[in-house]
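J.: Take a look at the following structure, please.
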Amino acid sequence: MTRRAARPDEEASTTDPRAERPGSDPEPRTSGGLRAHNRVRLLRAVHDTGARRTRSQLTRTLALSRGTVSVLVAGLAEDALLDETPTQEHTRGRPTGIPGPHPYGPLALAVDLREDSWDLAVCELGGSATIVRSRTHDGTPEGALLPLAAAVRERLGPRTVGVGVSVAGPVRAGGVIDIPHLDWWDVDVAAHMRLGDVPLHIANDARLAGLAEARRGRLHGVRLGVHLHVAFDLGGALVVDGRPLSGASGTTGEYGHMPLGGGRARCRCGARGCWGMAVGGNALLRHLGLAAGGGRGWDVAEGILREAAEAAGRPAAEAAGKPADAGTDARTGSGADSRTGSGTPPALDPAAALAAVRASAHAFGSGIGALVNGLDPDAVTLSGLGVELHSLAGDTLHAACQDSLMAFRRSRPVRVLPSSLGRRGPLTGAMEAVFDGFLTTEGLGIWQRPPESATASDSSARPGRPATPASY
């Protein structure tokens, strides 16, 4: 029996495909499976590198022949999964292009749902994201989720491959969430969203920020990392080989509810002495005797950071709550900050504000040292308000961390680094969760090129390249 010669796009790579992305498809066993697998590998490489590498560079990275990659690119372009733009790079031989998102290609909708507001972004292959809606809410499940669901459904179309939602609280199996500070218990997000068959990926904000940091930030390539995300309080993720661990019920990483802050007060979660009561926006408010909790006071917490920066003689790290183009409504062009309250913040004393920041940074550093003793990570990264605490009181934070380390660790202390993604971590992680689900042989098998009539009217039409894209 004569065996059919393999097609170029059925070429096997010389690298272990399973080593390229945790949780990737199993190694294919048929020629058709190998072709489908190579399509996924190429799209995955384009996405992970921010759609910035040339076809020649991708060919070398994937250890495939030029002919194989050419066939793959042509097929993916025909299916509206890739588009190739000319490169300005001058090379010998044939000119090469840069594969990137197709004008009518797949889109992910990403949501950052916080205690007081939410942002909705449209994201392309490669990581470019445009925030298209932002809104404050009243802190109730209905007041937060029903307007959000309406905004998401308005953006659904033939190109939508999934919706990722980052939430500021524990997420249990099935997408049931609890946000203790808002008295949300057993809230079924999927039931409120009513998205039908559209894949919905719901996860804790700190966990998604850790995923984003592993893909596009300072935990990229780190074998074992701890990521800590600070907002009103704090949470985290233990990232192993590029993926946050989920735990038995999907709620691992609630470091903010461990007794690492030295206090004994009862937290709204039900536990005593939670670390998060000493670190974050609520902690800043409490330190100055201001009202805290219930998802309110973010504008005042930002004011504390600004006054602390003035007292310290340095700028705050980044405007709180603002991703690259946050608060911009693509339809109206408005630039309203979705995290700014309507009230006037009280007059703040810069010296007192700096003292509050240093107290929070000291508690933060002490807890980080305890986590390092127990988990032995290669690096610890900080996002959200953690970036400001590191910027404004880094000496205090590092000294407290060092003081909490076991003696044998102090000669080579772990790296504690502010996130390179700033405040964009949860939103970026929500996007990554969607594309992780789509960039599989099964996900690509379901994709159909949108008909021309749909692409013209699709409310999820390509957002275009934002002035400051979140493609890192």
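The values are calculated or read from the model by the stated rules, or taken from the named source; none is laboratory data. If you're wondering where the values come from, they're calculated on a predicted model, not measured in any experiment. Using ideal geometry, Cβ is built from the backbone for each residue, glycine included, and neighbour counts are taken over all protein chains shown.
J.: So which of Ser453, Ser411, Ser457, Ser404 is modelled with pLDDT of 95 or more, more than 13 Å from the chain's Cα centre (by Cα) and surrounded by fewer than 22 Cβ atoms within 10 Å (Cβ to Cβ)?
T.: Matching residue, one of Ser453, Ser411, Ser457, Ser404: Ser404.
J.: Also, quick follow-up: Can you give me the ranges of the strands (runs of 3 or more DSSP E) entirely in segment 144-197 with at least 2 residues that are among the polar types (S, T, N, Q)?
T.: 160-167
J.: Let me ask something additional. Give segment 169-191 a look and list any residue that's of a type in the set (A, V, I, L, M, F, W, C), surrounded by 17 or more Cβ atoms within 10 Å (Cβ to Cβ) and within 16 Å of His201 (Cβ to Cβ), or say none.
T.: Answer for segment 169-191, where residues must be of a type in the set (A, V, I, L, M, F, W, C), surrounded by 17 or more Cβ atoms within 10 Å (Cβ to Cβ) and within 16 Å of His201 (Cβ to Cβ): Val171, Val176, Ile177, Val189.
J.: Could you check segment 407-438 and list, in sequence order, the residues that are within 13 Å of Val372 (Cβ to Cβ) and of a type in the set (D, E, K, R)?
T.: Once the filter is applied, which keeps residues that are within 13 Å of Val372 (Cβ to Cβ) and of a type in the set (D, E, K, R), segment 407-438 yields Arg409, Arg410, Arg412, Arg415.
J.: Ok, one more. Looking at segment 414-436 only, could you name the residues that are surrounded by 23 or more Cβ atoms within 10 Å (Cβ to Cβ) and of a type in the set (Lys, Arg)?
T.: Within segment 414-436, Arg423, Arg424 qualify.
J.: I'm trying to understand the selection: among the residues of segment 118-128, which are part of a strand (DSSP E or B) and farther than 20 Å from Pro158 by Cβ?
T.: Trp118, Asp119
J.: I need a count of the residues in segment 177-214 that are at pLDDT 95 or above and within 15 Å of Asp233 (Cα to Cα).
T.: Here the count works out to 5.
J.: State yes or no: is Ser383 assigned by TED's automatic domain parsing to the domain that holds Gly253, farther than 28 Å from Glu307 by Cα and not in a helix (DSSP H, G or I)?
T.: Criteria not met by Ser383.
J.: Here's another thing I want to ask about it. Restricting to segment 79-102, give me the number of residues that are at pLDDT 95 or above and loosely packed, with under 12 Cβ neighbours inside 10 Å.
T.: Result for segment 79-102: 0.
J.: Identify, from the list Ala173, Ala168, Ala190, the residue that is outside the structural domain of His390 (by TED's automatic domain parsing), over 19 Å from Gly384 (Cα atoms) and in contact with a Leu (Cβ under 9 Å, 6 or more places away or on another chain).
T.: Just one listed residue meets the conditions, Ala190.
J.: Could you tell me whether Gly443 is crowded, with 20+ Cβ neighbours inside 10 Å, at pLDDT below 95 and not hydrophobic (A, V, I, L, M, F, W, C)?
T.: Criteria met by Gly443.
J.: Could you grab me the full set of residues in segment 132-151 that are touching a helix residue (DSSP H, G or I) at 6+ places or on another chain (Cβ under 8 Å) and among the small types (Gly, Ala, Ser)?
T.: Residues satisfying the conditions are Gly139, Ala149.
J.: Related question: So which residues in segment 144-162 are aliphatic (A, V, I, L, M) and either in contact (Cβ under 8 Å) with a residue 60 or more places away in the chain or within 13 Å of Pro199 (Cβ to Cβ) (or both), if there are any at all? Don't jump to the end; show me each part of the working.
T.: Narrowing segment 144-162 to residues aliphatic (A, V, I, L, M): 144-146, 148-152, 156, 161.
If the condition is that a residue be aliphatic (A, V, I, L, M) and either in contact (Cβ under 8 Å) with a residue 60 or more places away in the chain or within 13 Å of Pro199 (Cβ to Cβ) (or both), then Val152, Leu156, Val161 are the ones that fit.
J.: Residues to consider are Ala283, Ala231, Ala278, Ala214; find the one that is within 13 Å of Thr381 (Cα to Cα), small (Gly, Ala, Ser) and buried (at least 23 other Cβ atoms within 10 Å of the Cβ).
T.: Ala214
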